[in-house]
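The block underneath contains the structure these notes are about, expressed in structure tokens.
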Amino acid sequence: MAMSADDTGQTAEQDHAAALANKKESEFNHHLAGIFVILAGLFVLLEGSLPQRWPFLRYTWPLCFLLASLFLMVLVTRSSDRSALKVGGMG
């Protein structure tokens with residue numbers, strides 16, 4: 001079955017819209033991970049002075065990495081781009 005020029009144009013527009021949506025989601029994930037890394041870095045720098053007042057803050061920088069990894073894992077598994085998460089047989 002041959003596609004008309006209108007069908008081809010609509011398909012190209014839909015592909016472009018899907019690519020743009022995927023790009024925005026990917027950029028959001030990247031920025032969120034960056035925020036967690038910056039927070040972890042700040043807590044590492046302040047590790048000498050903050051735990052004297054608040055001892056539980058000693059564990060905040062590893063917690064930043066854990067939260068970032070869990071959040072991104074959930075986003076990737078819920079994402080429409082399943083190829084980003086390589087699970088199972090590759091053959």
Among residues of segment 75-91 being out of contact with any helix residue (DSSP H, G or I) (no Cβ under 7 Å at 6 or more places or on another chain) and either of a type in the set (A, V, I, L, M) or modelled with pLDDT of 85 or more (or both), the residue surrounded by the most Cβ atoms within 10 Å (Cβ to Cβ) is VAL87
Residues being surrounded by fewer than 12 Cβ atoms within 10 Å (Cβ to Cβ) and within 11 Å of the chain's Cα centre (by Cα): count how many of those fall in segment 36-74.
3
Being of a type outside the set (Val, Ile, Thr), surrounded by 11 or more Cβ atoms within 10 Å (Cβ to Cβ) and at pLDDT below 85 narrows it down to one residue among ALA21, ALA12; which is it?
ALA21
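The values are calculated or read from the model by the stated rules, or taken from the named source; none is laboratory data. Bear in mind the structure is a predicted one, so any value in this text is a computation, not a measurement. Every residue, glycine as well, gets a Cβ built from its backbone with ideal geometry; the counts of neighbours run over all protein chains shown.
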